[in-house]
Amino acid sequence: MKKNYRGFGFYVLLILIVVFVWYLLDGNHLSNSTYNYTQFTEEIDQGEIAFVEIHPNREVPTGSLEITRTDNTDETLYVSNVQEVRQMMQDADFTAYVEYDVPAENWLISLLPLLLVFGAMFILFVIMNNQAANGGGNSKMMNFGKSRAKMTTDENKQVTFDKVAGLREEKEELQEIVDFLKDPRKYTKLGARIPKGVLLVGPPGTGKTLLAKAVAGEAAVPFFSISGSDFVEMFVGVGASRVRDLFEDAKKNAPCIVFIDEIDAVARRRGTGMGGGHDEREQTLNQLLVEMDGFGVNEGIIVMAATNRVDILDPAIMRPGRFDRKVHVGRPDVAGREEILNVHAQNKPLAEDVDLQQIARTTAGFTGADLENLLNEAAIYAAKDNREYIKHDDIKRAFVKVGIGAEKKSRVISDKEKRITAFHEAGHAILFHLLPDVGPVYSVSIIPTGAGAAGYTMPLPEKDEMFRTKGQMLQEITVDLGGRVAEELIFDDITTGASQDIKQATELAKAMVTKYGMSENVGLINYNNDDDEVFIGRDLAHTRGYGENVATRIDQEVKRIIDECYGKAKTMITEHDDVLHRCAELLLEKEKISREEFEALFS
Ligand code: ADP
Ligand code: MG
Ligand code: ZN
């Protein structure tokens, strides 16, 4: 911005100079203000004038007079009417004058101002063009439609997989892409189809951008990176033309990687935008899809994209032949965090008392970026104290600073909280495993999620079923209550951590009674009027479609279902008390356990 201003001032100066030169050349303006025509006539009358030269201008009747007085002084006088001057002098019988011819037009001189102006404009244009060519970001004016992708090929700057700590599974999944880029022929010979697009999904700061760069680095291919928001401009059509341009560049450099960071900015579900803005985005998205469909399967271009909002992406982007590979990049577990700390501690001298493993243990929920930030802040504290080494104290201080900053995203949690969470999740997991119609458990984790949950137990992605049975719903409620039951059995006290579970269980039980007719006491009547609740105020005004009696019965039935499920959960978890403890201990140690590790606990 500053640079632009300076440039602007320069142009203003240039224009001023041009105008000034013009002014100089056009002598008419240099009139002598003190000497005027009236004085001149008086002096003629009084015989003070010796001689007058009349220089008419081309633009008759104006001209100038070179006047010489009898006392040898001179005057120059510009007059508006040469004719009148001549008449006046003749009237006064003054004859000592000579009248020059109208000067021949010197075309070069008269063209000079014009030439100067054009010259200045030309110089200006050249300068601006130069700036556009050099200035990268400043070049908006000249190349709107050009893709703003940055290409990295410099081998020294390239990131490789060993710079990406943790993320073992993710790296394994991407290894195949690296292999393909290294030697596409190996795959094409066998007729193998390599994914065109890979979508990296995960919370901010978990290393998605880093991972994409590392894939390019490992394969030693060019890496074109652009951010989704670069496509979205004020002007319609610019985004689409940038996409076209980007892929043209990529084709010239294949095999290569095109990386679109924050793709949600362009690939938002179509038809949901407001106003004119979304037309532009749709065009851009369409162009992106066209380009992805346009190049052959094995042309050697792999499009990678990153987002932390898969939920808002347009489903079209995930169709086969587009981003058909999804890689989840999660928050690191203890081991991952230790690896990340090791990577970032490499160029930071640490004092003896720093124990990275211990730091890894106390930073549950931190992302790679948070950890990097933590060590960086610690280094700054050490530098401020003029120390050569980073001490444990520096890290502790940095922890407070980063921890508070990151509080929303990744709360620093105490050991006690962690223990409670471990038992809570173990409770859910055991029931998922034991009950026949729910589960199996895919993974259990006590890594805090950004959304505020202290942990989660994830069943295998559910099968597409048209109906849910009553038995299945009861089991779901039982699983929901398992967390609270485990807390109760192990600790004297219970926590607020189960509120979401309780809400979910209650809603399901209520739906069973009022919507699905699954309670004999209430019968096959729909008392559920949530669906047509258009105005928020209605619920507050207590409009119910049924009377006090029915309401009481519904409440009783909901309570009965919950109580029964709760009893069942308690019995089952108590029976598997040993598994509960082993599961919780394993979770405390590893923070995240897989299906195999979990199921091994039962044998
Ligand atoms: P994202 O794109 O997922 O938001 P980035 O890849 O931009 O995250 O990560 C930001 C920074 O955090 C990286 O530059 C790196 O310093 C650090 N970082 C994140 N994850 C890791 C990791 N797994 N290993 C090493 N450093 C990491
Ligand atoms: Mg990123
Ligand atoms: Zn729970």
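The values are calculated or read from the model by the stated rules, or taken from the named source; none is laboratory data. Quantities reported herein were computed from a predicted structural model and do not represent experimental measurements. Positions of Cβ are generated from backbone atoms using ideal geometry, with glycine treated the same way; all protein chains shown enter the neighbour counts.
Could you please let me know if A509 is of a type in the set (A, V, I, L, M, F, W, C), surrounded by 15 or more Cβ atoms within 10 Å (Cβ to Cβ) and within 14 Å of ligand 3 (Cβ to nearest atom)? Taking the combined requirement at face value, the residue does not satisfy it. Looking across the range 313-367, just one residue is surrounded by fewer than 18 Cβ atoms within 10 Å (Cβ to Cβ), in a loop (DSSP other than H, G, I, E, B) and aliphatic (A, V, I, L, M), and that is A351. Cβ separations smaller than 7 Å between residues 6+ apart or across chains give no pair from the range 340-351 residues that are over 23 Å from L167 (Cα atoms) and within 16 Å of ligand 2 (Cβ to nearest atom) to residues that are among the small types (G, A, S) and not in a loop (DSSP other than H, G, I, E, B).
The residues on offer are A486, A551, A509, A498, and the sole one that is over 46 Å from the mean Cα position of the chain (by Cα) and modelled with pLDDT of 80 or more is A551. Listed by position, the helices (runs of 4 or more DSSP H) enclosed by the range 184-260 include none that has at least 3 residues that are within 16 Å of ligand 3 (Cβ to nearest atom) and more than 15 Å from the chain's Cα centre (by Cα). Applying a threshold of 7 Å to beta carbon distances and a minimum spacing of six or more residues, or different chains, the list of pairs starting in the range 45-72 at a residue that is polar (S, T, N, Q) and ending at one that is assigned to a loop (DSSP other than H, G, I, E, B) reads T62/S80; T70/E48.
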